[in-house]
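Visitor: Here it is, the structure in full.
The values are calculated or read from the model by the stated rules, or taken from the named source; none is laboratory data. As the structure is a prediction and not an experimental result, all values here were calculated from the model. These accessible areas exclude ligands, DNA and RNA; they are computed on the full protein's heavy atoms, side chains included. Shrake-Rupley method; radii C 1.70, N 1.55, O 1.52, S 1.80 Å.
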Amino acid sequence: VVSGSIAGRRYRAGMLAYSMSKAALEALCGVYAQEHPEVFFALLGMCNVQTRLSRNIVNHPNVALFPEHRRLQRRFQTPGYAVSAEQRAQDVYRFVHQQQCLQLNSGEFVEMRTLIDRDIKHTERALT
């Protein structure tokens, strides 16, 4: 399991080093998946997790310089927008260890939000 980010694809001013590192991780996983098909590389965007890094980003003194960061800061203040690291770890475990990663392609980036939404829709359909 590799912690990817949409920041490796959707670039924001003020996030150069982070975006570059996530883009490099995506390339690394993509190449490794091709070179080692016997290994499954789950490249997951964790999405909106309450961590020291996310708090540093949304509370940085320079956040006012970047409109996208200000919008992110407002979203982070919305109850339920960001989940705890513990909750996200449980989500990852559920998708990776309970064979739900079979719907994924090794080495290809996918956001946890997408997987969770799919899971909710699948559950809703099963209940109706």
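Visitor: Can you show me the helix-derived [θ] at 222 nm for the chain, built from DSSP H runs with n ≥ 4 at -39,500 (n - 2.57) apiece and divided by the number of residues, rounded to the nearest 500. Don't skip to the answer; put the middle values down first.
Guide: Numbers: 5 runs with 66 residues, N = 128.
Calculated at 222 nm, the ellipticity per residue is -16500 deg cm²/dmol.
Visitor: Further question: So, for the chain, what is the accessible surface per residue at a probe of 1.4 Å, expressed in square angstrom?
Guide: Working: 8400 Å² over 128 residues.
Ligands and nucleic acids excluded, the figure is 66 Å² per residue.
Visitor: Same structure again: Compute, for Glu26, the solvent-accessible surface of its heavy atoms (probe 1.4 Å) with the complete set of protein chains present, and express it in square angstrom to the nearest 10.
Guide: Rounded to the nearest 10, the figure is 40 Å².
Visitor: What does the accessible area of Asp119 come to, in Å² to the nearest 10, when a probe of 1.4 Å is used?
Guide: 40
Visitor: Tell me the relative contact order for segment 1-102 as a rounded percent, counting alpha carbon contacts under 8 Å between residues six or more apart. Please report the intermediate quantities before stating the final value.
Guide: Details: 89 pairs, mean separation 26.0, N = 102.
In percent, rounded to a whole number, it is 26.
Visitor: Quick one: plug the Kirkwood hydrodynamic radius of segment 61-128 (C-alpha pairs) into Stokes-Einstein at 37 °C, 0.692 mPa s, and report D in µm²/s.
Guide: Roughly 226 µm²/s, to the nearest whole number.
Visitor: What do you get for the angle between helix 112-127 and the principal long axis of the chain? Use alpha-carbon atoms, 0 to 90 degrees, nearest ten.
Guide: So the inclination is approximately 50 degrees.
Visitor: Further question on the same structure: At 1.4 Å probe size, put Phe66, Phe40, Phe95 in order of accessible surface, largest to smallest.
Guide: Working: Phe66 55, Phe40 85, Phe95 5 Å².
Most to least solvent-accessible, the answer reads Phe40, Phe66, Phe95.
Visitor: Once neighbouring chains are kept in place and the probe is 1.4 Å, which whole percent of the accessible area of segment 1-112 is contributed by carbon and sulfur?
Guide: On the way: 3910 of 7010 Å².
About 56 percent, which is the carbon plus sulfur part of the accessible surface.
Visitor: Could I ask something else about it? Starting from the residue with the highest accessible area, list Leu16, Leu72, Leu25 in decreasing order, probe 1.4 Å.
Guide: Leu16, Leu25, Leu72
Visitor: Here's another thing I want to ask about it. Taking the Cα centroid of segment 1-75 and of segment 86-128, what is the distance between the two, rounded to the nearest whole Å?
Guide: Segment 1-75 and segment 86-128 have Cα centres separated by 19 Å.
Visitor: At a probe size of 1.4 Å, how large is the accessible area of His60, to the nearest 10 Å²?
Guide: About 90 Å², ignoring ligands and nucleic acids.
Visitor: Further question on the same structure: How would Leu104, Leu28, Leu44 line up by accessible area, probe 1.4 Å, largest first? Kindly include the intermediate steps, with their values, before the conclusion.
Guide: On the way: Leu104 25, Leu28 80, Leu44 0 Å².
Listed by decreasing accessible area, they come as Leu28, Leu104, Leu44.
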